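See structure below.
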Amino acid sequence: MVQPLPRVKTLSRRGHALADPAAQLRVLSGRPSGEKSDRVSAAPDFDGALADAGLAPLSAGSLDTLQVNVGKLCNMTCAHCHVDAGPDRKAENMSAETAEVVLELLEVSGAGTLDLTGGAPEMNPHFRRLVTVARGLGRHVIDRCNLTILMAKGYEEMPAFLAEQGVEIVASLPCYTADNCDAQRGDGAFMKSIAALRMLNALGYGTTADLPLTLVYNPVGPSLPPPQGQLEADYKTRLAEDFDVRFTRLFTITNMPISRYLDHLLETGKYEMYMEKLTAAFNPAAAAGVMCRTTLSVNWDGSLSDCDFNQMLDLPLADSRGKGARPRNIHDAPPAELLKAVLDRPVVTGSHCFGCTAGAGSGCTGAIL
């Protein structure tokens, strides 16, 4: 049986050193300071691995997906959360003004997908407007849902709203058994998730082509996910037979060594082992298809990053190499000007990027290969 991860408060609420992204970067770059620092050695060289594979410098091209983190407020405090989201992060929530600029950028960009994440994105007061306007523009909308929020007081009408708008739900369910799922997400999370999935099935999610329901698996322990296709088949069998639950597809995602999962790795003395495992499994084919090449990530305050993981590490877009300052916030320039400035940009990388390029690869759309 997998040993459960400790249930913790957010790093921010605990006043933990790793609540500061700069402290996380010191660990990831091999320049630790503070508690447990003696366990950390030199950082693996991701840019060197790219160069050896003939993939350097990594750059972004077309913009297919605008991924928007609308805030860190969440009804859950999951042990693996790279956002360090939780009920105490109320202040870090996207404003109406920023949401409107997001919609302007979406319209100008031509990006086909608006990917809404958090926290629990549904808890942002402007979530419904983001959805309805994006759908009115003909864009595909993804709601990255923790499932339990759909069972919470005040959100009873959210499933019907999502179905009416034709929103794809991408939902975290790290295992098809209660023990392993609750170890990551808290006691009772699994059965609440099952109840939410049944409700979604009754609306047509996971049973009709127009309402895709994607589940997301990530390992409980410091290991790479198993093959996505094989695990999807197992999930479908077990959830159907045990709980009469249906879904469309499964994504497998590798745990990123940042935020609360980084804290867990350091506390258990498994950080070096995990980084060695990720580095040894570096796959050039996966690196060529990483999501940051076709995605722009917008934080709740409008700041811009190459991906959700860089966003959480406070890694902004790269400098523009002598062509003038690159906008680093959606409020810095009109949408059309901003869009021109961020296309064909170099991608900011670091040792954490081995998490997206190990084995079959990993990202917000699951395995790359």
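Looking at the stretch 232-250, which of its residues are open to solvent by 10 Å² or more (accessible area, probe 1.4 Å) and not acidic (Asp, Glu)?
Taking the stretch 232-250 and keeping what is open to solvent by 10 Å² or more (accessible area, probe 1.4 Å), we get 232-234, 236-238, 240-244, 246-249.
Hits for the stretch 232-250 are 233, 236, 237, 238, 240, 243, 246, 247, 248, 249.
Among the residues of the stretch 171-216, count how many are in contact with a Pro (Cβ under 6 Å, 6 or more places away or on another chain) and without any contact (Cβ under 8 Å) to a residue 40 or more places away in the chain.
1
How many residues does the stretch 56-110 contain that are among the β-branched types (Val, Ile, Thr), under 30 Å from residue 175 (Cα atoms) and surrounded by fewer than 23 Cβ atoms within 10 Å (Cβ to Cβ)? Step through it out loud before you land on a result.
Initial filter on the stretch 56-110 (among the β-branched types (Val, Ile, Thr)): 65, 68, 70, 77, 83, 98, 101-102, 108.
Okay, now just the ones that are also under 30 Å from residue 175 (Cα atoms), so 65, 68, 70, 77, 83.
Then drop every residue that is not surrounded by fewer than 23 Cβ atoms within 10 Å (Cβ to Cβ), which leaves 65, 77.
The total comes to 2.
Kindly indicate the residue of the stretch 290-315 that is among the hydrophobic types (A, V, I, L, M, F, W, C) and over 12 Å from residue 328 (Cβ atoms) and also most open to solvent (accessible area, probe 1.4 Å) among those meeting that condition. Before you say what the answer is, go through the steps one by one.
Pass one, the stretch 290-315, residues among the hydrophobic types (A, V, I, L, M, F, W, C): 290-292, 296, 298, 300, 304, 307, 309, 312-313, 315.
Adding the requirement that they be over 12 Å from residue 328 (Cβ atoms) leaves 290-292, 300, 307, 309, 312-313.
Values: 290: 13, 291: 31, 292: 16, 300: 64, 307: 16, 309: 14, 312: 16, 313: 1 Å².
Ranking the candidates gives 300 first.
Any residue that is among the hydrophobic types (A, V, I, L, M, F, W, C), touching a Gly at 6+ places or on another chain (Cβ under 6 Å) and modelled with pLDDT of 95 or more - is there at least one of those in the stretch 182-191?
Restricting attention to the stretch 182-191, the residues satisfying the condition of being among the hydrophobic types (A, V, I, L, M, F, W, C) are 183, 189-191.
Next cut, touching a Gly at 6+ places or on another chain (Cβ under 6 Å) only: none.
Among the residues of the stretch 182-191, not one is among the hydrophobic types (A, V, I, L, M, F, W, C), touching a Gly at 6+ places or on another chain (Cβ under 6 Å) and modelled with pLDDT of 95 or more, which makes the answer no.
So, residue 113, is that one among the hydroxyl-bearing types (Ser, Thr, Tyr), closer than 21 Å to residue 182 by Cβ and open to solvent by 10 Å² or more (accessible area, probe 1.4 Å) or not? First the steps, then the outcome.
Numbers: among the hydroxyl-bearing types (Ser, Thr, Tyr): yes; closer than 21 Å to residue 182 by Cβ: no; open to solvent by 10 Å² or more (accessible area, probe 1.4 Å): yes.
The answer is no for residue 113.
Which numbered condition trips up residue 48, out of (1) closer than 30 Å to residue 173 by Cα; (2) open to solvent by less than 30 Å² (accessible area, probe 1.4 Å); (3) without any contact (Cβ under 8 Å) to a residue 40 or more places away in the chain?
Tallying (1) closer than 30 Å to residue 173 by Cα; (2) open to solvent by less than 30 Å² (accessible area, probe 1.4 Å); (3) without any contact (Cβ under 8 Å) to a residue 40 or more places away in the chain, residue 48 fails exactly one: (1).
Specify the residue that is farthest from residue 47 (Cα to Cα); the eligible residues are those in the stretch 316-355 that are open to solvent by less than 10 Å² (accessible area, probe 1.4 Å), assigned to a loop (DSSP other than H, G, I, E, B) and touching a residue at least 40 places away in the same chain (Cβ under 8 Å).
For the stretch 316-355, the residue satisfying everything is 330.
The values are calculated or read from the model by the stated rules, or taken from the named source; none is laboratory data. Computed from a prediction, not measured in an experiment: that's the story for all the values here. Don't worry about glycine lacking a Cβ; one is built from the backbone with ideal geometry, like all the others, and counts go over all protein chains shown. All accessible areas refer to the heavy atoms of the entire protein, side chains included, with ligands and DNA or RNA removed. Shrake-Rupley method; radii C 1.70, N 1.55, O 1.52, S 1.80 Å.
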